[in-house]
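Participant: Before I ask anything, here is the structure I am working with.
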């Protein structure tokens, strides 16, 4: 089975590759997350957002420059989103909301675009070239920021 299905409107993704990636990369079971269909506005195939429940998303030391195109986190409820020391250069696919701590310290991120808008506990970005003011303007977070 191909991961992608091409249509006249573009390329879209199905649940199976998302589930496989979550199992392999995050070691989460299907009880730990929900795949929520994003309104498709006339597309044939759905696109899904990953909401993680009471578990951490641990991408520390992630070896790739970006998440796969078919990965889009929505909310990390009651957990942390960790991508410290990763080779990620983009926040594309990062969650909108993190229920506890977001940590991207010493990663290779080149922009604040795509960072979480809401973090409930701590926003940690040690060793990154951004000021607290830049982080707050780009993300709208009101939690404690460590930089």
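Participant: Check off (1) surrounded by 15 or more Cβ atoms within 10 Å (Cβ to Cβ); (2) without any contact (Cβ under 8 Å) to a residue 40 or more places away in the chain; (3) assigned to a loop (DSSP other than H, G, I, E, B); (4) out of contact with any strand residue (DSSP E or B) (no Cβ under 6 Å at 6 or more places or on another chain) for residue 113 and give me the number that stays unchecked.
Facilitator: Here residue 113 meets the rest and fails (1).
Participant: Return a yes/no flag: does the stretch 65-75 have any residue that is within 13 Å of the chain's Cα centre (by Cα), farther than 18 Å from residue 116 by Cβ and touching a residue at least 60 places away in the same chain (Cβ under 8 Å).
Facilitator: Looking for residues that are within 13 Å of the chain's Cα centre (by Cα), farther than 18 Å from residue 116 by Cβ and touching a residue at least 60 places away in the same chain (Cβ under 8 Å), one finds at least one in the stretch 65-75, hence yes.
Participant: Still on this structure, please answer the following. Name the residue, out of 90, 142, that is in a loop (DSSP other than H, G, I, E, B), under 13 Å from the mean Cα position of the chain (by Cα) and either farther than 29 Å from residue 31 by Cβ or at pLDDT 95 or above (or both).
Facilitator: 90
Participant: Run down 142, 118, 89 and say which single residue is farther than 30 Å from residue 46 by Cα and either without any contact (Cβ under 8 Å) to a residue 60 or more places away in the chain or surrounded by 20 or more Cβ atoms within 10 Å (Cβ to Cβ) (or both).
Facilitator: Answer to the check: 142.
Participant: Evaluate the stretch 54-62: report whether one residue or more is in a loop (DSSP other than H, G, I, E, B), at pLDDT 95 or above, surrounded by fewer than 17 Cβ atoms within 10 Å (Cβ to Cβ) and under 13 Å from the mean Cα position of the chain (by Cα).
Facilitator: The answer is yes; a qualifying residue exists.
The values are calculated or read from the model by the stated rules, or taken from the named source; none is laboratory data. Owing to the predicted nature of the structure, the values given are computational and were not obtained by experimental measurement. Please note: Cβ atoms are built from the backbone with ideal geometry, for glycine as well, and neighbour counts cover all protein chains shown.
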